[in-house]
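So the structure is just underneath, and the comments pick up after that.
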């Protein structure tokens, strides 16, 4: 018992008390409350009748076609964005890992998309994609790729990719910084040794650089997937889930169900599904990070 | 040895080869740098350029990449928007709604919204430091039973998606009568910022030698005194990183603000901006000016504090 509640434990408890209280209040309690809510049929339009329905909200969910559409859209969006982020960030990280004049300025410039608020980013891309006066139409028209202005975001086939592009632009800086860390941690004697053994630039890249970057890559992939599957802001401002259901992702579905249809029970059930998926994904994330703390 | 002896016919000219390789490398780096700069800056430049255009110019096809006659009218409209300018049906229809030129009545909300954003962000920063610093010190410097469990607990709270918190938050805040208050935002933003702050700080504190702690304790400091007198002054860079991240996260947050705010009493900048984008009567140049206004403060902060941000990002995310 002395070991359990020694001086160290008591002072640590004192120091940790505020953070634990805050996290209990703003994270643990809400997520448990959400689970509780998901067993009720709660319509704000009918505040006095909130019957307990067991798992009905969940079974309704899994038999709802629009839910599965939203899952499919979320998967498309996440796969496209995360692979694009990984490739672009790798190229940028390799570039910034070189020693050249202006490297510092370049890495400062790279922080610009990271700092921009998502809403402003959405506003900017909405204007770029604008069907009447946007830059995308303008530049393609001037370069003769198109002979008339296109309604980019109104095209069911292209919408999700255009939104993904806006997401990628904003997320590349963070991914790059994370990848640069693992690039910088490669000891230079590894390259020397490879060079002595007669490895070409490409061979050194494939056999030394890439394996050493694996942990960094894992981290970027998991982190960006977590960000992508929960992303909301761009969908809200660029398309509101449209046209049709072309960009009706899960987070948008939750928003519509909860705040437009005012069914909080099923909204809670859906957010719970999303939270569980994120947890499953982030298990590796937590393991990777937890080990290093 | 002269060059000639090296360039025997049929032999390999190593020096020439090396020079070519170096040249190729320089060219690749140069090309990469140019492509990257354009990729990052072109969209922003376009936004800034169109915020300086008049309504007549902004609707030209193809677009004017550089404004012919740059104007500050859009920014003036934001900064001089006052309560008196009532937008009535008549004054509104006096302008051609198709081509815009319309400054919305909500323009006057922009500056109060910036103030709200600033206030919320500042409060969130202060609370983060108050709860984060002691926690990080305990996790980094005290060897106690339950340390690993605490670390995992904080990590888990970090990966809860914000959208999963929205529904319970909304009902709780509604029941507390805190809808449309700044307090609701401060409270809920703690959920998205505190875990990250703690990890930035833990990372930094762990880098400081344990001997400092021991020395302070031998000199008669309590744990608390050791933290305040010895560690805090040394951990300034990580404190700066925490302030920056927390501030920017709060400044940029949209989803929770969208749910909890209704009027200018608590609406933050992203909310007012988002409202502009869905109003088709507002002139494009005005929306763009508002967008530029939202971009400028965080970008300036990021550029000035680049070093702290990069180290903070890597500490908070990579080494966790």
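Please treat every number below as a calculation from the coordinates, not as lab data. Fair warning: this is a prediction, and the values are worked out from it, not measured in the lab. Backbone-built Cβ (ideal geometry, glycine too); neighbour counts: all protein chains shown.
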key: Peptides A:59-70, A:129-140 ordered by average Cβ neighbours within 10 Å, highest first   = A:129-140, A:59-70
inquiry  = Connecting C-alpha atoms closer than 10 Å in a GNM of chain B, tell me which of B:54, B:45, B:193 has the biggest fluctuation.
reply    = B:45
inquiry  = Roughly how far apart, in whole Å, are the Cα centres of the range B:13-73 and the range A:126-203?
reply    = 15 Å
request  = Arrange A:143, A:20 by Cβ neighbour counts within 10 Å, fewest through most, would you?
outcome  = A:143, A:20
Per-residue mean of C-beta atoms belonging to partner chains within 10 Å, peptide B:299-305 = 4
key: Percent of C-alpha pairs per 5 Å bin, the range B:125-173, short to long   = 4, 16, 18, 20, 20, 12, 7, 3
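Restricting to DSSP H runs of at least four residues, report the calculated mean residue ellipticity at 222 nm for the protein assembly as shown, -39500 (n - 2.57) per run over all residues, nearest 500 deg cm²/dmol.
Working: 29 runs with 408 residues, N = 613.
Result for the protein assembly as shown, helices only: -21500 deg cm²/dmol.
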query = How large are Rg and Dmax for the range A:1-124 when only the alpha carbon atoms are used, in Å?
reply = 24.6, 68
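Order of B:120-130, B:253-263, B:210-220, B:224-234 by packing, highest average Cβ count within 10 Å first? Write down the numbers at each step before the final one.
On the way: B:120-130: 20.0, B:253-263: 21.5, B:210-220: 12.6, B:224-234: 15.5.
Descending packing order for the listed peptides: B:253-263, B:120-130, B:224-234, B:210-220.
Give the average over all directions of the projected area of the C-alpha convex hull of the range B:208-320, one decimal, in nm². Write down the numbers at each step before the final one.
Working: hull surface 41.7 nm².
The orientation-averaged projected area of the Cα hull of the range B:208-320 comes to 10.4 nm².
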remark   = Candidates A:214, A:170, A:126; GNM for chain A (alpha-carbon contacts under 10 Å) flags as most fluctuating A:214
query = Sorted by packing (mean other beta-carbon atoms within 10 Å per residue), highest first, where do B:265-271, A:73-79, B:296-302, B:17-23 land?
reply = B:265-271, A:73-79, B:296-302, B:17-23
ask   = What shape does the range A:53-195 take by its C-alpha gyration tensor, where a ≥ b ≥ c are the square roots of the eigenvalues and a/c under 1.5 counts as rounded, a/b above b/c as prolate, and the rest as oblate?
value = oblate
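Normalise the Cα radius of gyration of chain B by 2.2 N^0.38 Å (N = residues in it) and let me know the number. Write out the running numbers ahead of the final one.
Values: Rg = 27.2 Å, N = 320, 2.2 N^0.38 = 19.7 Å.
For chain B, the normalised Cα radius of gyration comes out at 1.38.
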task = Give the shape of chain A as rounded, prolate or oblate, defined through the alpha-carbon gyration tensor: a ≥ b ≥ c are the square roots of its eigenvalues, a/c under 1.5 means rounded, and otherwise the shape is prolate if a/b is larger than b/c and oblate if not.
result = oblate
ask   = Across peptide B:23-34, how many C-beta atoms of other chains are within 10 Å of each residue C-beta, on average?
value = 3
ask   = Which residue fluctuates the most in chain B, going by a Gaussian network model with Cα springs under 10 Å, if the choices are B:285, B:60, B:184?
value = B:60
remark   = Partner shielding of A:92-104, as the mean number of partner chain Cβ atoms within 10 Å, equals 3
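Step by step: find N for the protein assembly as shown, compute 2.2 N^0.38 Å, then divide the Cα radius of gyration by it. What's the final number? All intermediate terms of the calculation are to be shown ahead of the outcome.
Details: Rg = 26.8 Å, N = 613, 2.2 N^0.38 = 25.2 Å.
Normalised Cα radius of gyration, the protein assembly as shown: 1.06.
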